[in-house]
Amino acid sequence: MVELTASARAHLDEYLAELRRVLSECPTLDAAEVERDVDEHIQTALAHRASPIDATSLDGVLRELDAPADWVQDQRVPWFKRPPRDLFNDARATAQSFTRKLAAGPESYRLPYIALLTLLLGCLPPLFVRDGILFTFAAIAASFVLARAALSLHESRQPSHSQLWLIAPSLLLVYAPLVVALLGWPLLLGGTIAQEQQYLQVANQRLIEQMVTTQLAADKAFADQLEALRRQGTPGEVSLLQAEHALMRQRTQDRIAAIESRIGPHHQFGVTWTFTAYWAATLLVAGVWWLLLGLTMWLWPGLLRTLLRPFANKLPTRTGLIIATFGLLAIGGGWLLKSLA
């Protein structure tokens, strides 16, 4: 048995892998038999040389064998020259082979393939069904469970790069919103409440402006009617019109006063809730949450690594301290805004 150096072994493995790929496209040749012939030729050609055989010597023998594609170029027929029946049979054989791999292949690859296939199929319903997005969410959840099941087969080991590419989409579609929710829910909630309060204040202010404009137009119309009645010399109608106008003005002023009471900052828990006060409370809540979350990650780093596996496997322990530091800074900023509110 000829002994090869590491680089020579890598060259031979690459050659054989390409040979297998080419032979898989040619059903008339036995891939195992061809590979045995190649191995025998290499052993015979290098038997008289001193071991270990380096990559240069091996490449010379491989050049004598020609490229793998040259072995079957006469056996393969271009697809556009083949009859439709053969094309259909090849497509069916490919589908059957893929199905067999999914049904009976190793779990470490079967589950990642099924997870990716489930996710891709889940993207199709919204294109054809009105409420297809519900099927998409269900497919995301199912593919995530399959991807986590694939991870469980590796226990503490990191999956291979090919396996990671297959399961990464299913995992990231859940991990990304989860991380955003864990870190940003106080800011999202507090910011939404503050913006809503500001929007209500602006809307009420515009409503008051419209009411004032309407009242001014009504006053002008009242003045014109009153002048016309005075010219006609009907004091009874003048008094009735003045009473109706006074009642209308009083109702408008009462509505404006009620709206203005809603525009002003309300008081609750001994706090005057202005726009700045809302953001101060948001920063305080976010700071406390980040402080607790950071300390938890620092004391029990395995929790986050298990939750976000495999992307957090190498996450340093100091990440928890960094988040806790941001929490302290947010608490300080909240107290500063509270003093300004």
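Counting other C-beta atoms within 10 Å, which of Asp13, Asp90 has the fewest, and how do the rest follow?
Working: Asp13 11, Asp90 14.
Ranked by crowding around the Cβ, least crowded first: Asp13, Asp90.
Skipping prolines and chain starts, which residues have an amide H placed within reach, meaning under 5 Å, of the one on Leu4, given they are 5 or more residues away or on another chain?
Amide H neighbours of Leu4: Ile53.
Give me a comma-separated list of calculated 3J(HN,Hα) values for region 136-148, in order, Karplus coefficients 6.51, -1.76, 1.60 applied at θ = phi - 60°, integers in Hz, x for any Gly or Pro.
Once rounded to whole Hz, the list reads 5, 4, 5, 5, 4, 5, 5, 5, 5, 4, 5, 5, 5.
If Lys and Arg each add +1 and Asp and Glu each add -1, what is the summed charge of the other residues whose beta carbon sits under 15 Å from the beta carbon of Val179?
Working: positive: Arg305, Arg309; negative: none.
Value of the local net charge: +2.
Any read-out appearing in this document is the output of simple, stated calculations on the displayed coordinates, not a laboratory observation. None of the values given here were measured: they were computed from a predicted structure. For neighbour counting, all protein chains shown are included, and Cβ atoms are generated from backbone atoms with ideal geometry for every residue, glycine included.
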